[in-house]
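No value in this document is a laboratory result; all are computed from the given coordinates. Computed from a prediction, not measured in an experiment: that's the story for all the values here. Note that each Cβ is placed from the backbone with ideal geometry, even for glycine, and that neighbours are counted across all protein chains shown.
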Amino acid sequence: MTRPAVFLDRDGTLNAPLVRDGKPYPPASADEFVLLEGVAEGCAALKRAGFVLVVATNQPDVGRGTQSRDAVEAMHRRLCELAPIDRVEVSYSPGGENPPDPCRKPQPGMILRAAREMDLDLSRSWMVGDRWRDIDCGANANLRTVFIDWGYDEALRTKPHFTVRSFREAVAIILAQSEPQNLNPHP
């Protein structure tokens, strides 16, 4: 039986970004990697409700040569130690390819691959993120979307289904909007 999932952006959704000039940037190392308030508890609540948790993150600095893949993977190990994440999907594409890399958000490749390999039901799944690429990616995969609005100097391109101010609020909306009897058929 297929399962619903919550696809989660990483920087600015699960962990604190470094904000410079109104723009968010990823941490440089696992030492700088800090979960946002309520993320571990929120992820645990989503898991208890029967959701599979998949991180879908662009890490273009690796493709651009300004960040090491080892540093990014160390951050993902740290993330999985701190929160019950089932899978981490990563695009290391630097962006600007023509045609666009199908796995770099806003393209839905990471979501579609995880859905296929993990037997996920996208019709009952969600995307949570803090940037326009996250919301567009979710829309491109026909997911319900939740935008965490941190007030970045960046416009959305697609209207999200819900807009919130914290991860906790995103979790509350997902749980309230989902049908409990359909989430976890084998409690």
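Both the radius of gyration and Dmax for the range 11-53 are 12.6, 39 Å, in that order, over alpha-carbon atoms. Sequentially through the range 113-125, phi angles give Karplus couplings (6.51, -1.76, 1.60; θ = phi - 60°) of 5, 4, 4, 5, 6, 10, 6, 9, 9, 5, 5, 10, 10 Hz, Gly and Pro residues having no value and appearing as x. Here the chain was treated as a single set of alpha-carbon atoms; its pair distances binned every 5 Å from 0 give 1, 8, 17, 22, 23, 16, 8, 3, 1, 0 percent. For the chain, the longest piece that avoids every one of the trypsin sites (Lys or Arg not before Pro) found in DSSP loops with at most 16 other C-beta atoms within 10 Å covers 1-156.
Once backbone amide H atoms are built at 1.01 Å from N, residue 89 has 55, 56, 57 as its partners under 5 Å, excluding neighbours fewer than 5 places away on the same chain.
Ellipsoid fit via the Cα gyration tensor, the range 88-187: semi-axes of 24, 19, 10 Å, each the root of five times an eigenvalue, largest first.
Between the helical axis of 167-177 and the longest alpha-carbon principal axis of the chain there is an angle of about 30 degrees. Potential lengthening of the chain between residue 142 and residue 81 amounts to 19.0 nm, from the contour at 0.36 nm per residue minus the alpha-carbon distance. Close amide-amide hydrogen proximity is noted between residue 127 and 7, 144, 145, 146, each under 5 Å apart and 5 or more residues distant or on a separate chain (H modeled in the peptide plane; Pro and chain starts excluded). Taking 80, 103, 43 in turn, the Gaussian network model of the chain (Cα-Cα springs below 10 Å) assigns the largest fluctuation to 80.
Amide H contacts under 5 Å for residue 163: 147, restricted to partners 5 or more places along the chain or on a different chain, H placed in the peptide plane at 1.01 Å from N. When the chain is treated as a GNM with alpha-carbon contacts under 10 Å, the residue of 166, 125, 29 showing the greatest mean-square fluctuation is 29. Stretching the chain fully between residue 66 and residue 113 yields a gain of 14.3 nm (0.36 nm per residue, less the alpha carbon separation).
Between residue 177 and residue 98, residue separation times 0.36 nm minus the direct Cα-Cα distance comes to 24.7 nm. Only Cα pairs under 8 Å and 6+ residues apart enter the sum, and on that basis the relative contact order of the chain stands at 25 percent.
For a straight C-alpha distance cut-off of 22 angstrom, the lysines reachable from residue 23 (same-chain residues fewer than eight places away being disregarded) are 105, 159.
Let me check I've understood the local charge: for residue 126, count other residues with C-beta under 12 angstrom from its C-beta, Lys and Arg +1, Asp and Glu -1. What total comes out?
On the way: positive: 124, 144; negative: 9, 121, 134.
So the environment of residue 126 carries a net charge of -1.
For the options 16, 83, 172, a Gaussian network treatment of the chain with springs between C-alpha atoms closer than 10 Å singles out 172 as fluctuating the most. Among 70, 86, the ranking by other beta carbons within 10 Å of each residue's beta carbon, starting with the fewest, stands as 70, 86.
Each of 126, 150 was scored by other Cβ atoms within 10 Å of its Cβ. Listed from fewest to most, they are 150, 126.
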